[in-house]
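Notes follow once the structure below has been shown.
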Amino acid sequence: MSKTYYPDWRQEIEYGTDGPKPNFLMTSEKAKVILGGLEAGQRIPEHPEAEAVYHFLEGEGWMIVDGERLRVTAGTTITMPDGTVRGVEADTRVAFLAVRIA
């Protein structure tokens, strides 16, 4: 795996009019690093997923974790064990960095 330099995450994120357009910054057998963005009103439906850390870079919204609605803003970090059911709802434009651990 080669190292890649991202001096400004804003240049790497894509906001889609029809939903999220994740940018996989790194993918390996052990982990995936994803930069994601949602426009206001968009959502990622609740789904079970691998162990992960989500760090919100900008915006306001909600992360639903095993049925609990958690308010997220820029600077919020959430860690989740394997199998946690999660989703995201954007009140404003939201950007996040997610690290999924295989």
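The values are calculated or read from the model by the stated rules, or taken from the named source; none is laboratory data. Just so we're clear, the structure is a prediction, and the values are computed from it rather than from any experiment. Virtual Cβ from ideal backbone geometry, glycine too; neighbours counted across all protein chains shown. The accessibility values were calculated without ligands, DNA or RNA, using every heavy atom of the protein model including side chains. Shrake-Rupley method; radii C 1.70, N 1.55, O 1.52, S 1.80 Å.
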>> Can you pull out every residue in the stretch 36-78 that is more than 19 Å from R100 (Cβ to Cβ), surrounded by fewer than 16 Cβ atoms within 10 Å (Cβ to Cβ) and touching a strand residue (DSSP E or B) at 6+ places or on another chain (Cβ under 9 Å)?
In response: A40, G41, G67, R69, R71, T73, A74, G75
> Of all residues in the stretch 49-102, which are charged (D, E, K, R) and under 15 Å from K32 (Cα atoms)?
Replying inline: E49, E51, D82, R100
> What number of residues within the stretch 44-81 satisfy the criterion of being of a type in the set (A, V, I, L, M, F, W, C) and closer than 16 Å to P22 by Cα?
Replying inline: 5
> Does V33 satisfy the condition of being of a type in the set (A, V, I, L, M) and closer than 13 Å to L97 by Cβ?
Replying inline: yes
>> Would you confirm, using the coordinates I've provided, whether P20 is touching a strand residue (DSSP E or B) at 6+ places or on another chain (Cβ under 6 Å), modelled with pLDDT under 95 and open to solvent by 50 Å² or more (accessible area, probe 1.4 Å)?
In response: yes
>> Taking the condition of being more than 20 Å from W62 (Cβ to Cβ) and among the small types (G, A, S), how many residues in the stretch 3-42 meet it?
In response: 2
